[in-house]
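Data first, discussion second: the structure below is written as C-alpha coordinates.
The values are calculated or read from the model by the stated rules, or taken from the named source; none is laboratory data. Fair warning: this is a prediction, and the values are worked out from it, not measured in the lab. Virtual Cβ from ideal backbone geometry, glycine too; neighbours counted across all protein chains shown.
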Amino acid sequence: MCERSARASRRPDVVRLALIIALFGLPVIMLLTSSLSARGAATLTLRAWRYLFAERRTFLTALASSLGYGFSAMVVAFASSVLPAKALARAHGSRIAVVEAILLAPALLPSITFAIGVHQLFIRAGLVDTWIGVLLVLSFVSYPYMLRALIASYESIDPAYEQCARNLGAGALRTFVRVELPFLLPGAVAGGSVVFLVAFSDYFLVFLIGGGIVPAFTSYLVPFIRSADYSIAGALSLVFLLVPVVLFVLQDRALTVLLRRRGMAV
Amino acid sequence: MSSQRVRTASAFLPLLPFVLFIAAGIGYTVIQSMGAWITVRPGDVYPAGYGVILQSAWFYRSLLYSLWIAAVSTALSVVLGTVLALLLRGLPQQLYPFALVYKIPLILPHVVIGLIVLVGFGRGGVLGRLAAAPGSTALISAYVFKSASFVTLLVYAVLRSFDARQLETARMLGAGAWQSFRHLLLPVIGPPAATAGVIVFLFSFGAFDLPFLLGASRPAMLAIDIYNRYWYRDLPARPAAMASLVVMFLFSTLFVALYFRLVRRQKHGTRHV
(Lines give C-alpha, C1' and ligand atoms only; values in the text may rest on other atoms or scores of the structure.)
Protein backbone atom coordinates (compact mmCIF):
# COMPACT_ATOMS: atom_id res chain seq x y z
CA MET A 1 0.00 0.00 0.00
CA CYS A 2 2.67 2.34 1.09
CA GLU A 3 4.90 1.33 -1.81
CA ARG A 4 2.17 1.91 -4.30
CA SER A 5 1.57 5.44 -3.13
CA ALA A 6 5.29 6.10 -3.35
CA ARG A 7 5.28 4.88 -6.90
CA ALA A 8 2.25 6.98 -7.75
CA SER A 9 3.91 10.07 -6.40
CA ARG A 10 6.97 9.34 -8.47
CA ARG A 11 5.03 9.28 -11.71
CA PRO A 12 5.04 13.07 -12.21
CA ASP A 13 8.81 12.98 -11.69
CA VAL A 14 9.18 10.51 -14.51
CA VAL A 15 6.98 12.63 -16.76
CA ARG A 16 9.10 15.66 -15.94
CA LEU A 17 12.29 13.77 -16.65
CA ALA A 18 10.89 12.47 -19.93
CA LEU A 19 10.11 16.06 -20.92
CA ILE A 20 13.66 17.20 -20.20
CA ILE A 21 15.20 14.23 -22.00
CA ALA A 22 12.94 14.72 -25.01
CA LEU A 23 13.82 18.40 -25.23
CA PHE A 24 17.58 17.88 -25.09
CA GLY A 25 18.10 14.28 -26.13
CA LEU A 26 15.97 14.43 -29.26
CA PRO A 27 18.30 16.79 -31.14
CA VAL A 28 21.16 14.35 -30.61
CA ILE A 29 19.07 11.52 -32.01
CA MET A 30 18.22 13.82 -34.91
CA LEU A 31 21.93 14.27 -35.65
CA LEU A 32 22.42 10.51 -35.55
CA THR A 33 19.53 9.75 -37.88
CA SER A 34 20.54 12.47 -40.30
CA SER A 35 24.05 10.99 -40.37
CA LEU A 36 22.49 7.70 -41.41
CA SER A 37 20.04 8.96 -43.99
CA ALA A 38 20.52 9.67 -47.63
CA ARG A 39 19.87 13.17 -48.91
CA GLY A 40 16.16 13.82 -49.18
CA ALA A 41 15.24 10.14 -48.82
CA ALA A 42 14.14 8.03 -45.91
CA THR A 43 16.53 5.16 -46.59
CA LEU A 44 19.31 4.12 -44.28
CA THR A 45 22.82 4.45 -45.58
CA LEU A 46 26.33 4.45 -44.22
CA ARG A 47 27.51 6.88 -46.93
CA ALA A 48 28.45 9.64 -44.48
CA TRP A 49 30.40 7.34 -42.20
CA ARG A 50 32.14 5.70 -45.16
CA TYR A 51 33.05 9.10 -46.52
CA LEU A 52 34.57 10.17 -43.21
CA PHE A 53 36.51 6.95 -43.01
CA ALA A 54 37.89 7.47 -46.49
CA GLU A 55 38.71 11.09 -45.68
CA ARG A 56 40.11 10.25 -42.28
CA ARG A 57 43.39 12.02 -42.88
CA THR A 58 41.99 15.52 -43.44
CA PHE A 59 39.35 14.87 -40.85
CA LEU A 60 41.84 13.78 -38.18
CA THR A 61 44.25 16.59 -39.05
CA ALA A 62 41.47 19.11 -38.49
CA LEU A 63 40.51 17.42 -35.23
CA ALA A 64 44.11 17.29 -34.00
CA SER A 65 44.66 20.96 -34.81
CA SER A 66 41.49 21.94 -32.93
CA LEU A 67 42.36 19.76 -29.94
CA GLY A 68 45.83 21.29 -30.04
CA TYR A 69 44.73 24.90 -29.83
CA GLY A 70 42.00 23.95 -27.34
CA PHE A 71 44.50 22.46 -24.90
CA SER A 72 47.09 25.14 -25.55
CA ALA A 73 44.51 27.84 -24.82
CA MET A 74 43.95 26.12 -21.47
CA VAL A 75 47.65 26.22 -20.65
CA VAL A 76 48.04 29.81 -21.83
CA ALA A 77 44.99 30.87 -19.81
CA PHE A 78 46.28 29.22 -16.65
CA ALA A 79 49.80 30.58 -17.00
CA SER A 80 48.63 34.13 -17.67
CA SER A 81 45.82 34.21 -15.09
CA VAL A 82 47.41 32.81 -11.93
CA LEU A 83 49.18 35.96 -10.75
CA PRO A 84 46.40 38.40 -11.71
CA ALA A 85 43.82 36.13 -10.04
CA LYS A 86 45.76 36.16 -6.79
CA ALA A 87 46.16 39.93 -6.87
CA LEU A 88 42.45 40.41 -7.59
CA ALA A 89 41.38 38.02 -4.84
CA ARG A 90 43.54 39.75 -2.22
CA ALA A 91 42.93 43.38 -3.15
CA HIS A 92 39.75 45.29 -2.40
CA GLY A 93 38.21 48.57 -3.39
CA SER A 94 36.26 50.07 -6.24
CA ARG A 95 39.31 50.72 -8.40
CA ILE A 96 40.31 47.06 -8.31
CA ALA A 97 36.72 46.13 -9.19
CA VAL A 98 37.06 48.17 -12.38
CA VAL A 99 40.32 46.38 -13.23
CA GLU A 100 38.59 43.05 -12.66
CA ALA A 101 35.67 44.06 -14.89
CA ILE A 102 38.01 45.15 -17.68
CA LEU A 103 39.96 41.91 -17.47
CA LEU A 104 36.80 39.78 -17.56
CA ALA A 105 35.07 41.81 -20.28
CA PRO A 106 36.68 40.16 -23.36
CA ALA A 107 34.59 37.05 -22.76
CA LEU A 108 31.36 39.05 -22.71
CA LEU A 109 32.04 41.47 -25.54
CA PRO A 110 30.94 40.21 -28.96
CA SER A 111 34.24 39.11 -30.46
CA ILE A 112 33.61 40.78 -33.81
CA THR A 113 33.84 44.21 -32.13
CA PHE A 114 37.60 43.84 -31.81
CA ALA A 115 38.37 40.90 -34.10
CA ILE A 116 38.32 42.79 -37.40
CA GLY A 117 40.78 45.33 -35.98
CA VAL A 118 42.90 42.55 -34.48
CA HIS A 119 42.91 40.85 -37.86
CA GLN A 120 44.39 44.00 -39.45
CA LEU A 121 47.05 44.12 -36.74
CA PHE A 122 47.80 40.43 -37.19
CA ILE A 123 48.32 41.00 -40.92
CA ARG A 124 51.05 43.49 -40.09
CA ALA A 125 52.52 41.20 -37.45
CA GLY A 126 52.53 38.22 -39.82
CA LEU A 127 50.24 36.26 -37.50
CA VAL A 128 47.38 35.80 -39.95
CA ASP A 129 46.95 32.26 -41.36
CA THR A 130 49.17 30.83 -38.62
CA TRP A 131 48.33 28.36 -35.91
CA ILE A 132 49.96 30.62 -33.30
CA GLY A 133 47.78 33.51 -34.45
CA VAL A 134 44.67 31.37 -34.01
CA LEU A 135 45.80 30.28 -30.55
CA LEU A 136 46.50 33.90 -29.62
CA VAL A 137 43.11 35.24 -30.69
CA LEU A 138 41.31 32.34 -29.01
CA SER A 139 43.24 33.10 -25.82
CA PHE A 140 41.89 36.67 -25.87
CA VAL A 141 38.32 35.48 -25.59
CA SER A 142 38.80 32.43 -23.38
CA TYR A 143 41.21 33.39 -20.58
CA PRO A 144 38.52 35.27 -18.58
CA TYR A 145 36.82 31.97 -17.72
CA MET A 146 40.05 30.73 -16.18
CA LEU A 147 40.68 34.06 -14.47
CA ARG A 148 37.27 34.02 -12.82
CA ALA A 149 37.62 30.43 -11.64
CA LEU A 150 41.06 31.16 -10.19
CA ILE A 151 39.87 34.32 -8.43
CA ALA A 152 37.17 32.26 -6.73
CA SER A 153 39.76 29.62 -5.78
CA TYR A 154 42.15 32.17 -4.33
CA GLU A 155 39.35 33.75 -2.34
CA SER A 156 38.91 30.41 -0.58
CA ILE A 157 42.58 30.17 0.44
CA ASP A 158 43.48 31.72 3.78
CA PRO A 159 46.51 34.01 3.17
CA ALA A 160 47.87 32.69 6.49
CA TYR A 161 48.71 29.35 4.80
CA GLU A 162 51.13 31.09 2.51
CA GLN A 163 52.64 32.98 5.42
CA CYS A 164 53.05 29.71 7.35
CA ALA A 165 54.81 27.99 4.47
CA ARG A 166 57.09 31.00 4.03
CA ASN A 167 57.91 31.11 7.74
CA LEU A 168 58.81 27.43 7.62
CA GLY A 169 61.33 28.28 4.92
CA ALA A 170 59.55 27.41 1.70
CA GLY A 171 60.43 29.52 -1.34
CA ALA A 172 57.86 31.20 -3.56
CA LEU A 173 57.77 28.38 -6.08
CA ARG A 174 57.56 25.68 -3.45
CA THR A 175 54.78 27.55 -1.66
CA PHE A 176 52.87 27.81 -4.89
CA VAL A 177 53.26 24.15 -5.84
CA ARG A 178 52.76 22.58 -2.43
CA VAL A 179 50.35 24.96 -0.76
CA GLU A 180 48.36 26.91 -3.33
CA LEU A 181 48.17 24.55 -6.31
CA PRO A 182 46.13 21.85 -4.57
CA PHE A 183 43.51 24.45 -3.70
CA LEU A 184 43.56 25.90 -7.19
CA LEU A 185 43.27 22.60 -9.01
CA PRO A 186 39.48 22.03 -8.92
CA GLY A 187 38.82 25.62 -10.02
CA ALA A 188 41.53 25.45 -12.67
CA VAL A 189 40.01 22.28 -14.06
CA ALA A 190 36.51 23.78 -14.12
CA GLY A 191 37.73 27.01 -15.71
CA GLY A 192 40.01 25.08 -18.06
CA SER A 193 37.09 23.00 -19.31
CA VAL A 194 35.23 26.14 -20.34
CA VAL A 195 38.38 27.61 -21.91
CA PHE A 196 38.84 24.41 -23.89
CA LEU A 197 35.22 24.36 -25.04
CA VAL A 198 35.26 28.01 -26.09
CA ALA A 199 38.42 27.55 -28.12
CA PHE A 200 37.53 24.14 -29.54
CA SER A 201 34.02 25.26 -30.59
CA ASP A 202 34.80 28.61 -32.12
CA TYR A 203 34.16 29.09 -35.79
CA PHE A 204 34.35 32.81 -36.58
CA LEU A 205 37.73 33.72 -35.04
CA VAL A 206 39.45 30.61 -36.35
CA PHE A 207 38.06 31.27 -39.79
CA LEU A 208 38.98 34.97 -39.69
CA ILE A 209 42.52 34.63 -38.34
CA GLY A 210 43.25 31.13 -39.65
CA GLY A 211 41.99 32.13 -43.08
CA GLY A 212 40.97 28.57 -43.92
CA ILE A 213 44.63 27.62 -43.95
CA VAL A 214 44.96 26.57 -40.33
CA PRO A 215 43.11 23.24 -40.12
CA ALA A 216 40.17 23.34 -37.72
CA PHE A 217 37.33 21.03 -36.97
CA THR A 218 34.67 23.74 -37.16
CA SER A 219 36.06 24.97 -40.48
CA TYR A 220 35.89 21.39 -41.73
CA LEU A 221 32.27 21.02 -40.63
CA VAL A 222 30.74 24.31 -41.77
CA PRO A 223 31.04 23.81 -45.56
CA PHE A 224 29.00 20.61 -45.23
CA ILE A 225 26.29 22.53 -43.39
CA ARG A 226 26.31 25.36 -45.91
CA SER A 227 26.03 22.96 -48.84
CA ALA A 228 23.15 21.23 -47.00
CA ASP A 229 24.94 17.89 -46.78
CA TYR A 230 23.33 17.17 -43.44
CA SER A 231 24.33 13.52 -43.29
CA ILE A 232 28.07 14.17 -43.24
CA ALA A 233 27.56 17.26 -41.10
CA GLY A 234 25.49 15.18 -38.69
CA ALA A 235 28.18 12.52 -38.39
CA LEU A 236 30.86 15.17 -37.77
CA SER A 237 28.72 16.86 -35.15
CA LEU A 238 28.51 13.69 -33.10
CA VAL A 239 32.28 13.90 -32.76
CA PHE A 240 31.77 17.33 -31.20
CA LEU A 241 29.58 15.73 -28.58
CA LEU A 242 31.85 12.77 -28.03
CA VAL A 243 35.17 14.58 -27.59
CA PRO A 244 34.12 16.77 -24.63
CA VAL A 245 32.27 13.93 -22.93
CA VAL A 246 35.31 11.62 -23.17
CA LEU A 247 37.61 14.40 -21.97
CA PHE A 248 35.38 15.28 -19.03
CA VAL A 249 35.18 11.66 -17.90
CA LEU A 250 38.97 11.32 -18.13
CA GLN A 251 39.53 14.60 -16.33
CA ASP A 252 37.10 13.67 -13.58
CA ARG A 253 38.90 10.35 -13.01
CA ALA A 254 42.32 11.97 -13.05
CA LEU A 255 41.31 14.70 -10.64
CA THR A 256 39.78 12.22 -8.20
CA VAL A 257 42.88 10.02 -8.28
CA LEU A 258 45.16 13.01 -7.85
CA LEU A 259 43.24 14.50 -4.95
CA ARG A 260 42.84 11.13 -3.27
CA ARG A 261 46.56 10.59 -3.45
CA ARG A 262 47.00 13.87 -1.64
CA GLY A 263 44.39 12.81 0.86
CA MET A 264 42.05 15.65 -0.05
CA ALA A 265 39.15 13.80 -1.62
CA VAL A 266 36.40 12.29 0.47
CA MET B 1 52.67 50.85 0.89
CA SER B 2 53.80 52.00 -2.51
CA SER B 3 56.01 48.93 -3.03
CA GLN B 4 52.93 46.85 -2.21
CA ARG B 5 51.05 48.75 -4.87
CA VAL B 6 53.82 48.15 -7.38
CA ARG B 7 53.74 44.45 -6.61
CA THR B 8 49.96 44.34 -7.11
CA ALA B 9 50.30 46.20 -10.40
CA SER B 10 53.09 43.95 -11.67
CA ALA B 11 50.92 40.90 -11.00
CA PHE B 12 48.79 41.98 -13.96
CA LEU B 13 51.69 41.95 -16.42
CA PRO B 14 50.95 38.44 -17.78
CA LEU B 15 47.54 39.60 -19.02
CA LEU B 16 48.77 42.91 -20.34
CA PRO B 17 49.55 41.66 -23.89
CA PHE B 18 46.00 40.33 -24.29
CA VAL B 19 44.41 43.53 -23.09
CA LEU B 20 46.71 45.61 -25.27
CA PHE B 21 45.94 43.56 -28.36
CA ILE B 22 42.21 43.87 -27.82
CA ALA B 23 42.49 47.59 -27.11
CA ALA B 24 44.61 48.01 -30.24
CA GLY B 25 42.02 46.09 -32.26
CA ILE B 26 39.32 48.45 -31.04
CA GLY B 27 41.60 51.43 -31.65
CA TYR B 28 42.21 50.28 -35.20
CA THR B 29 38.46 50.00 -35.70
CA VAL B 30 37.94 53.56 -34.46
CA ILE B 31 40.71 54.90 -36.72
CA GLN B 32 39.31 53.16 -39.79
CA SER B 33 35.82 54.39 -38.93
CA MET B 34 37.24 57.92 -39.22
CA GLY B 35 38.42 57.11 -42.74
CA ALA B 36 42.15 56.77 -42.04
CA TRP B 37 44.43 53.73 -42.35
CA ILE B 38 42.13 52.08 -44.87
CA THR B 39 45.05 51.36 -47.15
CA VAL B 40 48.74 51.03 -46.40
CA ARG B 41 49.53 54.29 -48.18
CA PRO B 42 49.65 57.04 -45.53
CA GLY B 43 48.18 59.71 -47.79
CA ASP B 44 44.87 57.92 -48.43
CA VAL B 45 42.04 59.35 -46.40
CA TYR B 46 38.40 58.57 -46.91
CA PRO B 47 35.38 60.40 -45.46
CA ALA B 48 34.46 59.21 -41.97
CA GLY B 49 31.84 56.49 -41.80
CA TYR B 50 29.52 58.03 -39.22
CA GLY B 51 27.79 60.41 -41.58
CA VAL B 52 27.12 57.54 -43.94
CA ILE B 53 25.59 55.20 -41.38
CA LEU B 54 23.47 57.92 -39.76
CA GLN B 55 21.81 58.59 -43.11
CA SER B 56 21.47 55.01 -44.25
CA ALA B 57 18.44 52.86 -43.70
CA TRP B 58 20.34 49.55 -43.51
CA PHE B 59 22.20 50.53 -40.40
CA TYR B 60 19.12 51.38 -38.32
CA ARG B 61 17.32 48.33 -39.63
CA SER B 62 20.18 45.97 -38.76
CA LEU B 63 20.71 47.54 -35.36
CA LEU B 64 17.02 47.39 -34.43
CA TYR B 65 16.70 43.90 -35.84
CA SER B 66 19.69 42.70 -33.78
CA LEU B 67 18.32 44.30 -30.62
CA TRP B 68 14.92 42.77 -31.27
CA ILE B 69 16.29 39.25 -31.92
CA ALA B 70 18.44 39.53 -28.81
CA ALA B 71 15.53 40.73 -26.66
CA VAL B 72 13.15 37.98 -27.80
CA SER B 73 15.81 35.27 -27.46
CA THR B 74 16.74 36.50 -23.99
CA ALA B 75 13.16 36.64 -22.75
CA LEU B 76 12.37 33.15 -24.01
CA SER B 77 15.66 31.69 -22.73
CA VAL B 78 15.24 33.14 -19.26
CA VAL B 79 11.65 31.93 -18.91
CA LEU B 80 12.34 28.48 -20.33
CA GLY B 81 15.62 28.08 -18.45
CA THR B 82 14.04 29.07 -15.15
CA VAL B 83 11.12 26.70 -15.65
CA LEU B 84 13.60 23.92 -16.40
CA ALA B 85 15.57 24.69 -13.26
CA LEU B 86 12.37 24.50 -11.22
CA LEU B 87 11.54 21.16 -12.85
CA LEU B 88 15.01 19.86 -12.03
CA ARG B 89 14.73 20.96 -8.41
CA GLY B 90 11.87 18.62 -7.70
CA LEU B 91 13.55 15.56 -9.18
CA PRO B 92 14.55 12.84 -6.74
CA GLN B 93 18.28 12.16 -6.39
CA GLN B 94 18.32 8.91 -8.32
CA LEU B 95 16.67 10.45 -11.40
CA TYR B 96 18.92 13.52 -11.49
CA PRO B 97 21.83 11.93 -13.42
CA PHE B 98 19.51 11.33 -16.37
CA ALA B 99 18.44 14.94 -16.32
CA LEU B 100 22.03 16.00 -16.98
CA VAL B 101 21.16 15.83 -20.69
CA TYR B 102 20.09 19.44 -20.22
CA LYS B 103 23.78 20.33 -20.40
CA ILE B 104 24.12 19.02 -23.97
CA PRO B 105 23.56 22.44 -25.62
CA LEU B 106 26.28 23.89 -23.39
CA ILE B 107 28.82 21.47 -24.84
CA LEU B 108 27.76 21.72 -28.47
CA PRO B 109 29.39 24.43 -30.60
CA HIS B 110 27.14 27.05 -32.09
CA VAL B 111 27.63 25.72 -35.58
CA VAL B 112 26.24 22.36 -34.44
CA ILE B 113 23.27 24.09 -32.79
CA GLY B 114 22.75 25.75 -36.15
CA LEU B 115 22.84 22.38 -37.88
CA ILE B 116 20.29 20.95 -35.43
CA VAL B 117 17.93 23.82 -36.16
CA LEU B 118 18.42 23.41 -39.91
CA VAL B 119 17.76 19.68 -39.73
CA GLY B 120 14.80 20.19 -37.38
CA PHE B 121 13.18 22.91 -39.48
CA GLY B 122 14.11 21.30 -42.75
CA ARG B 123 11.99 19.17 -45.00
CA GLY B 124 11.01 16.02 -43.15
CA GLY B 125 12.32 17.54 -39.91
CA VAL B 126 10.38 17.30 -36.68
CA LEU B 127 9.55 21.00 -36.70
CA GLY B 128 9.31 21.33 -40.46
CA ARG B 129 5.57 21.53 -40.45
CA LEU B 130 5.49 23.89 -37.51
CA ALA B 131 7.05 26.75 -39.36
CA ALA B 132 8.15 27.45 -42.86
CA ALA B 133 10.91 28.92 -40.77
CA PRO B 134 11.83 32.42 -41.79
CA GLY B 135 15.33 33.39 -40.69
CA SER B 136 14.15 35.00 -37.48
CA THR B 137 12.32 31.94 -36.19
CA ALA B 138 15.25 29.66 -36.90
CA LEU B 139 17.71 32.10 -35.35
CA ILE B 140 15.64 32.64 -32.20
CA SER B 141 15.09 28.88 -31.79
CA ALA B 142 18.82 28.29 -32.03
CA TYR B 143 19.63 30.98 -29.47
CA VAL B 144 16.97 29.73 -27.08
CA PHE B 145 18.07 26.12 -27.41
CA LYS B 146 21.65 27.10 -26.65
CA SER B 147 20.99 29.68 -23.95
CA ALA B 148 18.12 28.17 -21.96
CA SER B 149 20.41 25.49 -20.53
CA PHE B 150 22.88 28.19 -19.56
CA VAL B 151 20.14 29.97 -17.61
CA THR B 152 19.15 26.63 -16.08
CA LEU B 153 22.74 26.01 -15.00
CA LEU B 154 22.99 29.32 -13.11
CA VAL B 155 19.49 29.27 -11.65
CA TYR B 156 19.66 25.64 -10.60
CA ALA B 157 22.94 26.29 -8.78
CA VAL B 158 21.19 28.63 -6.34
CA LEU B 159 18.03 26.56 -6.18
CA ARG B 160 19.99 23.60 -4.90
CA SER B 161 20.80 25.40 -1.71
CA PHE B 162 17.23 26.64 -1.33
CA ASP B 163 15.46 24.98 1.57
CA ALA B 164 12.18 23.58 0.24
CA ARG B 165 10.72 23.57 3.72
CA GLN B 166 10.29 27.31 3.41
CA LEU B 167 7.67 26.71 0.75
CA GLU B 168 5.89 24.20 2.96
CA THR B 169 5.90 26.63 5.85
CA ALA B 170 4.51 29.36 3.62
CA ARG B 171 1.73 27.06 2.45
CA MET B 172 0.86 26.12 6.01
CA LEU B 173 0.67 29.79 6.88
CA GLY B 174 -1.83 30.22 4.06
CA ALA B 175 0.28 31.60 1.21
CA GLY B 176 -1.02 30.93 -2.28
CA ALA B 177 1.15 29.58 -5.09
CA TRP B 178 1.73 33.05 -6.51
CA GLN B 179 2.58 34.54 -3.12
CA SER B 180 5.10 31.77 -2.41
CA PHE B 181 6.69 32.28 -5.79
CA ARG B 182 6.78 36.06 -5.52
CA HIS B 183 8.15 36.30 -2.00
CA LEU B 184 10.20 33.13 -1.58
CA LEU B 185 11.41 31.80 -4.91
CA LEU B 186 11.77 34.99 -6.91
CA PRO B 187 14.27 36.66 -4.55
CA VAL B 188 16.42 33.54 -4.85
CA ILE B 189 16.23 32.90 -8.59
CA GLY B 190 15.88 36.51 -9.73
CA PRO B 191 19.53 37.59 -9.42
CA PRO B 192 21.11 34.63 -11.27
CA ALA B 193 18.36 34.79 -13.89
CA ALA B 194 19.13 38.48 -14.42
CA THR B 195 22.89 38.03 -14.82
CA ALA B 196 22.35 35.05 -17.11
CA GLY B 197 19.90 37.17 -19.07
CA VAL B 198 22.45 39.93 -19.68
CA ILE B 199 25.01 37.39 -20.89
CA VAL B 200 22.46 35.78 -23.20
CA PHE B 201 21.45 39.19 -24.53
CA LEU B 202 25.04 40.17 -25.31
CA PHE B 203 25.65 36.87 -26.99
CA SER B 204 22.54 36.91 -29.16
CA PHE B 205 23.12 40.56 -30.02
CA GLY B 206 26.64 40.22 -31.36
CA ALA B 207 27.54 36.64 -32.19
CA PHE B 208 28.56 35.70 -35.70
CA ASP B 209 28.39 31.91 -36.08
CA LEU B 210 24.64 31.34 -35.81
CA PRO B 211 23.35 34.15 -38.02
CA PHE B 212 26.06 33.23 -40.52
CA LEU B 213 24.45 29.80 -40.87
CA LEU B 214 20.80 30.65 -40.28
CA GLY B 215 20.15 34.32 -40.71
CA ALA B 216 18.23 36.09 -43.38
CA SER B 217 20.21 38.59 -45.38
CA ARG B 218 17.59 41.35 -45.26
CA PRO B 219 17.30 42.53 -42.59
CA ALA B 220 20.57 41.01 -41.43
CA MET B 221 22.03 40.76 -37.97
CA LEU B 222 24.45 43.65 -37.43
CA ALA B 223 27.50 41.37 -37.14
CA ILE B 224 26.82 39.80 -40.53
CA ASP B 225 25.99 43.09 -42.17
CA ILE B 226 29.23 44.66 -40.94
CA TYR B 227 31.26 41.66 -41.95
CA ASN B 228 29.86 41.65 -45.48
CA ARG B 229 30.24 45.39 -45.90
CA TYR B 230 33.83 45.22 -44.72
CA TRP B 231 34.99 42.32 -46.87
CA TYR B 232 32.77 42.21 -49.93
CA ARG B 233 32.54 45.88 -50.86
CA ASP B 234 35.09 48.35 -52.15
CA LEU B 235 37.50 50.02 -49.79
CA PRO B 236 35.43 53.26 -49.52
CA ALA B 237 32.70 51.19 -47.83
CA ARG B 238 35.02 50.28 -44.97
CA PRO B 239 34.72 53.44 -42.82
CA ALA B 240 30.95 52.95 -42.66
CA ALA B 241 31.36 49.28 -41.72
CA MET B 242 33.83 50.19 -39.01
CA ALA B 243 31.64 53.04 -37.76
CA SER B 244 28.77 50.61 -37.25
CA LEU B 245 31.19 48.30 -35.48
CA VAL B 246 32.05 51.14 -33.10
CA VAL B 247 28.35 51.71 -32.42
CA MET B 248 27.96 48.00 -31.80
CA PHE B 249 30.89 48.10 -29.41
CA LEU B 250 29.34 51.00 -27.47
CA PHE B 251 26.02 49.19 -27.13
CA SER B 252 27.81 46.05 -25.97
CA THR B 253 29.89 47.98 -23.45
CA LEU B 254 26.67 49.31 -21.97
CA PHE B 255 25.45 45.78 -21.35
CA VAL B 256 28.82 44.60 -20.06
CA ALA B 257 28.72 47.44 -17.53
CA LEU B 258 25.20 46.44 -16.57
CA TYR B 259 26.40 42.88 -16.01
CA PHE B 260 29.15 43.93 -13.63
CA ARG B 261 26.77 46.21 -11.75
CA LEU B 262 24.38 43.31 -11.23
CA VAL B 263 27.17 40.98 -10.12
CA ARG B 264 28.54 43.57 -7.70
CA ARG B 265 25.18 44.26 -6.18
CA GLN B 266 24.59 40.53 -5.69
CA LYS B 267 27.93 40.12 -3.98
CA HIS B 268 27.17 42.95 -1.58
CA GLY B 269 23.68 41.62 -1.08
CA THR B 270 24.88 38.26 0.16
CA ARG B 271 27.48 39.89 2.34
CA HIS B 272 24.94 41.99 4.21
CA VAL B 273 22.40 39.23 4.74
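Taking the conditions (1) crowded, with 23+ Cβ neighbours inside 10 Å; (2) at pLDDT below 95 in turn, A:VAL134 satisfies each one other than (2). Of the listed requirements (1) modelled with pLDDT under 85; (2) within 7 Å of chain A (Cβ to nearest Cβ), B:ALA132 misses just one: (2). Among the residues making up the range B:1-60, those that are of a type in the set (A, V, I, L, M, F, W, C) and touching a Lys or Arg at 6+ places or on another chain (Cβ under 8 Å) are B:ALA11, B:ILE38.
Kindly provide the set of residues from the range B:214-226 that are surrounded by fewer than 22 Cβ atoms within 10 Å (Cβ to Cβ) and within 11 Å of chain A (Cβ to nearest Cβ), ordered by number. Result: B:ILE224, single match. Scanning the range A:29-46 for residues being in a helix (DSSP H, G or I) and buried (at least 17 other Cβ atoms within 10 Å of the Cβ) gives a total of 4. Restricting B:PRO105, B:PRO97, B:PRO92 to those that are buried (at least 21 other Cβ atoms within 10 Å of the Cβ), of a type outside the set (A, V, I, L, M) and either within 13 Å of chain A (Cβ to nearest Cβ) or closer than 30 Å to B:SER141 by Cβ (or both) reduces the list to B:PRO105.
Being in contact with a Phe, Trp or Tyr (Cβ under 8 Å, 6 or more places away or on another chain) and not hydroxyl-bearing (Ser, Thr, Tyr) is the filter here; which residues of the range A:151-163 pass it? Result: A:ILE157, single match. Scanning the range A:172-194 for residues being under 23 Å from the mean Cα position of the chain (by Cα) and either among the small types (Gly, Ala, Ser) or modelled with pLDDT of 95 or more (or both) gives a total of 6. Residues in the range B:139-170 that are over 19 Å from B:PRO211 (Cα atoms), assigned to a helix (DSSP H, G or I) and of a type in the set (Gly, Ala, Ser): B:SER149, B:ALA157, B:ALA170. Considering each residue of the range B:59-74, count those that are in contact with a helix residue (DSSP H, G or I) (Cβ under 8 Å, 6 or more places away or on another chain) and exposed (fewer than 15 other Cβ atoms within 10 Å of the Cβ), and give that number. Residues meeting the conditions: 1. Return yes or no: is A:THR218 within 21 Å of B:LEU213 (Cβ to Cβ) and in a helix (DSSP H, G or I)? Criteria met by A:THR218.
Scanning the range B:28-58 for residues that are surrounded by 15 or more Cβ atoms within 10 Å (Cβ to Cβ) and in a helix (DSSP H, G or I) turns up B:TYR28, B:THR29, B:VAL30, B:ILE31, B:GLN32, B:SER33, B:GLY49, B:TYR50, B:VAL52, B:ILE53, B:TRP58. Taking A:ALA115, is it within 14 Å of chain B (Cβ to nearest Cβ), touching a residue at least 12 places away in the same chain (Cβ under 8 Å) and within 30 Å of B:ALA207 (Cα to Cα)? It is true that A:ALA115 is within 14 Å of chain B (Cβ to nearest Cβ), touching a residue at least 12 places away in the same chain (Cβ under 8 Å) and within 30 Å of B:ALA207 (Cα to Cα).
Out of curiosity, is A:ALA85 within 20 Å of A:VAL194 (Cβ to Cβ), more than 7 Å from chain B (Cβ to nearest Cβ) and buried (at least 23 other Cβ atoms within 10 Å of the Cβ)? Yes, satisfied. The set of residues in the range B:227-267 that are touching a Ser or Thr at 6+ places or on another chain (Cβ under 9 Å), buried (at least 18 other Cβ atoms within 10 Å of the Cβ) and free of Cβ contacts under 8 Å to residues at least 40 places away in the same chain contains only B:ARG229.
Cβ separations smaller than 7 Å between residues 6+ apart or across chains give the following pairs from the range B:34-45 residues that are modelled with pLDDT under 80 to residues that are part of a loop (DSSP other than H, G, I, E, B) and β-branched (Val, Ile, Thr): B:ASP44/B:ILE38. Out of A:ALA216, A:ALA172, A:ALA254, A:ALA190, one residue alone is exposed (fewer than 13 other Cβ atoms within 10 Å of the Cβ) and within 14 Å of chain B (Cβ to nearest Cβ). It is A:ALA172.
The residues listed here are A:LEU88, A:LEU138; of these, the one that is in a helix (DSSP H, G or I), over 30 Å from B:ALA223 (Cα atoms), touching a residue at least 24 places away in the same chain (Cβ under 8 Å) and out of contact with any Pro (no Cβ under 9 Å at 6 or more places or on another chain) is A:LEU88.
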